[in-house]
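Just dropping this structure here.
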Amino acid sequence: MTRTLPIGAGGLRLLAWTVLAGGILLPIAAGLWQTARAALGVMPAIGADAPGWDAAARLLALPGLGRSVAVTLFTGAASTLLALVLAAAVAALWHERLRGRAAARWLAPYLAAPHAALAIGLAFLLAPSGWIARALAPLAGWERPPDIASVNDPAGLALILGLVIKEMPFLLLVMLSALGQLPVARHLALGRSLGYGRGAVWLRVILPQVWPLVRLPVMVVLAYGLSVVDMALILGPSNPPTLSVLLLRLFTAPDTAALLPASAGALLQLALVLAAFGVLLVLERLARSAGRAWLARGWRGQAGEALLRLATGLALTLFVLGAVALVSLGLWSVAWRWPWPALLPTGWTTAFWAAPGSGLWRALADTAILAAGSTVLALALAVAWLEGEDRAGRPGPGRRGAGWAEVAIYLPLLLPQIAFLFGLNVLFLRMGLSGGHVAVIWAHALFVFPYVMIALSQPWRALDPRLARAAAALGAGPWRRLWAVKLPALAMPLSVAAAIGLAVSVSQYLPTLFMGAGRIATLTTEAVTLSSGADRRITAVWASLQAVLPWLAYGAALMLPGLMRRGRGRA
């Protein structure tokens, strides 16, 4: 079958590679280059030049730097490990119940909840005057809130808890998707017929096949845990803070000379993330070698079932904790009076939702504009990329892009944001783009596009090619096949990808802060600012509204198939 196109397969492939290079790789490379120049003392645009190694020396002289690095490594590694173990345990026991759309329905509230909103809800829950302390007060005899560092603790335990609750659903969804590509039931039946318990079969047979499929998402979670800013500001230690928060303080300091050690610290943050990836790959090789010796021992693993149930019980407890934290946001947003140690408010009001002059609705409008713009841009780029693959004749359904290209797409998620966003902002300043909606939408799209590709690539590549062939046989050209066949057939995945993209955009804190240059306030940036000491009721209003936007998008995406079926029935 010959292809005749105004834009041929080669043109679309060139467009896709141009999008990848110009839209993702070049901005990141330019941002890293500008950050590296500042780390070496070259900052002529702001008059902060310094000797080449002065920036690194000033960074190393900062008090508490070693503690910040240690806390960063501990919280990032511990949260990733816990989220991975708990997600694997839930997948091992419940993968049959969470098939298809069931997983999306149950996990959607957690996936959609912005990091900052969940962190604020957890802070309300874990604080000395929070719900947990109120429930324990009659038993412990507390007449006033206890003097306990349950939030912003020096070890970062509250931050670890928040990261696990937020990242565990993502890893669970990724694992369930990977399990759909494996004959899990056959493996389990065969293993049990040989006398192996479920835990042994999962550790010996299934997880080794799942790991290559989830390695990249685990690295994304690890990179985020090591460089998170918004959740660390709300839940993490305060003095000294995590490295990312310490660098943010330097980047936003009034003294422009602080930009030099801040840039050196951004490169240190990047080095920590890359070193963590290296350790992860080394551990993978060690586990592979140790696993062969362990397999030779023939352990039947009957006790593994109990460990799986224990881990699953802990995971469900964290799910409930996350849900209660989100509920607490809604309660605080309408509470008028909530004295200690009452479990519920004694007075209710909606006055804080209608506070005049608060800037709430302007921030809501800006949030919606940025989310819509970046999501539409990311969807267009993803469709162009995947359609370019089709027209290039990639073989077979379920095919995958080149390995390096896939890593390049996910590169913004694998690198700490603070390592290149400052440098990218310097570049945007020279181009006259910084501080406007265009710059922020572009920055958001850097992080929205990979998640849209994650959501859309598998359904797109699994689409039955006979649909397009039948349309071609009827005389439909490539563009008509795209608009009249592929996109309608992929309406559900496209709507889910759009909902994910909107949720990711709403959650962006650092890109908005840097690229907006303080001129664009969103629900996320304002909620994080308010969480540091404002009235809980006002903070809860902002965080609740921030969480509602992604939930509405996910709800619309999940309702779309029913609406489409109803429309076809009436037709």
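Every residue in region 178-202 that is of a type in the set (G, A, S), surrounded by fewer than 16 Cβ atoms within 10 Å (Cβ to Cβ) and under 29 Å from the mean Cα position of the chain (by Cα), please.
Selection gives G180 alone.
Residues that are within 22 Å of L73 (Cα to Cα): list the helices (runs of 4 or more DSSP H) wholly contained in region 173-246 that include at least 2 such residues.
207-227, 230-235
Follow-up. Just one of L433, L463, L474, L467 is in contact (Cβ under 8 Å) with a residue 60 or more places away in the chain and not hydroxyl-bearing (S, T, Y); which is it?
L463
Search region 127-163 for residues being without any contact (Cβ under 8 Å) to a residue 40 or more places away in the chain and assigned to a helix (DSSP H, G or I), and hand back the single one that is surrounded by the most Cβ atoms within 10 Å (Cβ to Cβ).
L157
Failed condition for A419, given (1) without any contact (Cβ under 8 Å) to a residue 24 or more places away in the chain; (2) more than 22 Å from L377 (Cβ to Cβ), with all others met?
Of everything listed in (1) without any contact (Cβ under 8 Å) to a residue 24 or more places away in the chain; (2) more than 22 Å from L377 (Cβ to Cβ), A419 misses just condition (1).
Sticking with this structure for a sec: Looking at (1) exposed (fewer than 12 other Cβ atoms within 10 Å of the Cβ); (2) modelled with pLDDT of 90 or more; (3) of a type outside the set (G, A, S), find the lone condition where R297 falls short.
Unmet for R297, out of (1) exposed (fewer than 12 other Cβ atoms within 10 Å of the Cβ); (2) modelled with pLDDT of 90 or more; (3) of a type outside the set (G, A, S): (2).
If you scan region 495-539, which residues turn out to be within 23 Å of G236 (Cβ to Cβ), within 16 Å of the chain's Cα centre (by Cα) and not β-branched (V, I, T)?
A503, S507, Q508, Y509, L510, P511
Between R105, R97, which is part of a loop (DSSP other than H, G, I, E, B), under 30 Å from P493 (Cβ atoms), modelled with pLDDT under 80 and among the basic types (K, R)?
Just a single option satisfies the conditions, and that option is R97.
The values are calculated or read from the model by the stated rules, or taken from the named source; none is laboratory data. Please read these numbers as outputs of a predicted model, since none were measured by experiment. Because the Cβ atoms are built from the backbone with ideal geometry, glycine has one as well, and the counts that use them run over all protein chains shown.
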